[in-house]
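Take a look at the structure below.
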Amino acid sequence: MKPKIVIVFFCLLFPALIFAIKTPQVEFGANGSYDGLVKIFRDDAGRLIFMDESLTSPIALNQIGAGNRAHGSLSGLGNDDHRQYLNGSRHGAVHARSFNNHLPAGPDAAGNTTIGEHLQDEDIHLSRSLSETISGAWRFDVQPEFMANIKFSQHGQPGKMDISFENGATDARLRWDNATNRFEFNKTLYAPQASLDALIASRARFSGDVLGNLEGAPHTGRIANFASIEGIASENLLDKSADEEVSGSWRFCKDVRFQGDIATSGTIRALNGFIGLGKAKTIAVAKSGGDYDNIPDAVAASSAGDVILVFPGTYTVSSSININKNITVAGVDRRACIIEREHATSAEVAYDDGVFLFSAGLPDGARLANLTIKNTGNSTGTYATPAVIATDGNNHIQNCYIGGNGGSDILRFLGSSVVSCDTVTVEQYKYLSNASPIIRVLGSAFLTFEHGEVLTRSARGGTQLNTTNDAAFRWTDFRNTEGIDIVKCDTLTLFGCRKDAAPFLISNNYTALNVNSCDYMDAFVNYGNLSLNSDSDIGGKKLFKMHWYDNPDNYYFKIDPIDGLYWGEGDNENYDTRLFRSPNSGVGTNSVYSSHALLWKDWAAVAACGTALVWDGNRGRNVGWSPGYGDEAGCFFYIYLLSDDDGQKAYFPIPYEAGTILMRLRVKWCANAQNNGIKVRLVKRDETAYNDSWMVVGAQQSYIDSAGDLNININTYDFADETMQANYSYSIEVESIVDNPVGVRLYSLGIETSKRVY
């Protein structure tokens, strides 16, 4: 019976074993004791969790399955539970320095096979504080910076050292060759400016000047040790047997001897004189460094035939300079060589007392050339000296400006003097000065006045002829003057003369009058047609028809003579048409010499300003150039441009007029503080070209006021003559120099022009 019961038990039990045991946790006990320390259970996230007495923090099955190499990393597992694994303290004991040094490593660039060899190799691990020797070719992908000098050598020894620049098939190279003690370049060397103590070149090409001096210093260089230059022997750079053109300024440190005459189209500028074979010498007058510092002493020391050369400066004399010998007084620059007489304070000086006096019999002629000569009166122009007086002899005045400020004649020729004036401007330069003849010819004097100008500021004064001899004016402009007053004159010749208003003559006490190609109309208008027809007359003398043609390509007179016209000038035949053109036109004896009318044109800066105001909100003021104002009786008005910022530029346009020649620039300004100033230059631009760049006409000039006392400065500088071209714009560029932020003021700008009028 007992076995049967057993079989039934297992049969009853077997169906239950095919199903899983479902329980929230399983606890394991020891020896029938259960203390709750060893468990297996499922957490809310569905993970299988283990814990025991040693693993006080439960651990998930997925953490055990991750395969941690260090059991100490398992949560709740101490590092010492498994001593076959290294913890922090065990690792340091095992991996000591000697152990690590012998750890194998793949061969490095130097063939090292252990970590110790690699780390201790000084060729691989360089010290930035020790000197190192680099045998390999290093490449820097960024620009290295060297805080000290760079030294190149051939492995520590002198030799050839190159600096190479990759350039394709042939690299650019800079080489130092120690054997030849020189640098070598295999490409073109360019430098905008260089200073060399010695230059040795197998071939040299210069696109600009070759100067034997430092910039701004006198020319002191020399050419030496040449066998020949273009076939000319080294000792004879110029062919002494041929005519030569010398355009440079030569300096002779020893005497120069001439066996023939000296022919020049300009002025001979000798500092210490020329010594010829029995010829005269040149005496230099200069403010410093000349033979004399004043003209009277130089005249006293001169002999017949000498040239007194006057260098730039204003020379004031207290008495007349008496020219009583056949000499020449010439300036090196008409505008810069100024001779004037001190003011007469109480009364007019003696009748024959001027700035210059030609007094003695001078059959061979005395000469004044390239000078500015001024007579001066008091502030009202009441009292003044004449400028030039001639009482005797043959005298010549050439290329001079002669001015007077009232109270006396400017040119006074009397006695038996014979005077020729060529390219001379005579001007009454003081506005509303006392009326007095500008030119007065008296006694039996003879005057020839050619290619010149007779000017006044206020239509006062003119020319008075009171001579028993002749007077001739050829190609002369009379502007703003009274007519010629002919008290008496034998023969008066007017040839190619012009006057801006009638009448040309205000009296007619002459024996003969020769008038050719002159006008005396009320106004002269360019591009017009002026005519003096056969019904016109001067002093009852019949004239001829004359037309003035003025266009950009041709300037000439066309003359239609009438019967009985006396042509003069060596041609006493009548012609149907005569043309008078410039001296270079090739018309021959009929050419009229061109006159140069030097004129200033000024613009008030605030009115001509082409710049815009720019407000800087950060600084709370304008930048650039802005109008500044003055006040009068509580009324404000703009009188200047002001810039408080350094380097601000403004451009002032110059209107184009065909044939106008720009010569000088003038600027009026003042500084509001010390060391402020301006920079100015003349620029032009081709407006038919597709670019916006300016070309420099006059080099930039800097003017700085070291005092900054608000005194007004007027600066003028010359530049090479610039003929205005069509399709070009011209401007005056002004740039501020502001060292102190209270700024600089600009009042006006001006341009001097020379317009060729034929």
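Worth pointing out:
- Pairs from 151/187; 287/374; 649/679; 240/281 whose Cα-Cα separation, in the structure shown, is over 20 Å: 151/187; 240/281
- Environment charge of residue 399, counting only residues whose C-beta is closer than 9 Å and scoring Lys/Arg +1, Asp/Glu -1: 0
- Along each principal axis, taking the top coordinate minus the bottom one, the Cα set of region 623-758 gives 48, 33, 26 Å in descending order.
- Two-decimal ratio, region 704-758, of alpha-carbon radius of gyration to 2.2 N^0.38 Å: 1.58
- Placing R0 at 51 angstrom, the Cβ-Cβ distance between residue 42 and residue 114 gives a FRET efficiency of 0.45 after rounding to 0.05.
- Summing charges over neighbours of residue 34, with a neighbour being any other residue whose Cβ is under 14 Å away from its Cβ, gives -3 when K and R count +1 and D and E count -1.
- Order of 625, 603 - criterion: other Cβ atoms within 10 Å of each residue's Cβ, fewest first: 603, 625
- With the convex hull of its Cα atoms as the shape, region 102-189 has an orientation-averaged projected area of 9.2 nm².
- Evaluating 6.51 cos²θ - 1.76 cosθ + 1.60 at θ = phi - 60° for every residue in region 129-140, the Karplus couplings come out as 9, 10, 5, 10, 10, 9, 9, x, 8, 8, 10, 9 Hz, glycine and proline recorded as x.
- Cβ-based exposure ranking for 665, 641, in which fewest neighbours within 10 Å come first: 665, 641
- Cβ-derived FRET efficiency at R0 56 Å, residue 96 paired with residue 50, nearest 0.05: 0.90
- Estimated FRET transfer efficiency when R0 is 60 angstrom, pair residue 186-residue 317 (beta carbons, to 0.05): 0.35
- Couplings for region 300-311, taken from phi via the Karplus curve 6.51 cos²θ - 1.76 cosθ + 1.60 with θ = phi - 60°, read 5, 7, 7, 10, 3, x, 6, 10, 9, 9, 9, 8 Hz in order; Gly and Pro are left as x.
- About the Cα centre, charge dipole magnitude for region 304-522 (Lys/Arg +1, Asp/Glu -1 at Cβ), debye: 260 debye
- Histogram of C-alpha separations across region 639-694, 10 Å bin width, %: 14, 43, 29, 13, 1
- Linear extension gain, residue 288 paired with residue 203, 0.36 nm per residue minus alpha-carbon span: 26.3 nm
- Residue exposure proxy: 475, 669, 176, ordered by other Cβ atoms within 10 angstrom of their Cβ from fewest to most, comes out as 176, 475, 669.
- Kirkwood-type radius of region 304-522, with distances r between different C-alpha atoms, in Å: 17.0 Å
Just so you know, all these numbers are worked out from the coordinates, no wet-lab data involved. All of these numbers come straight from a predicted model, not from anything done at the bench. All Cβ positions, even for glycine, are placed from backbone atoms using ideal geometry, and neighbour counts span all protein chains on display.
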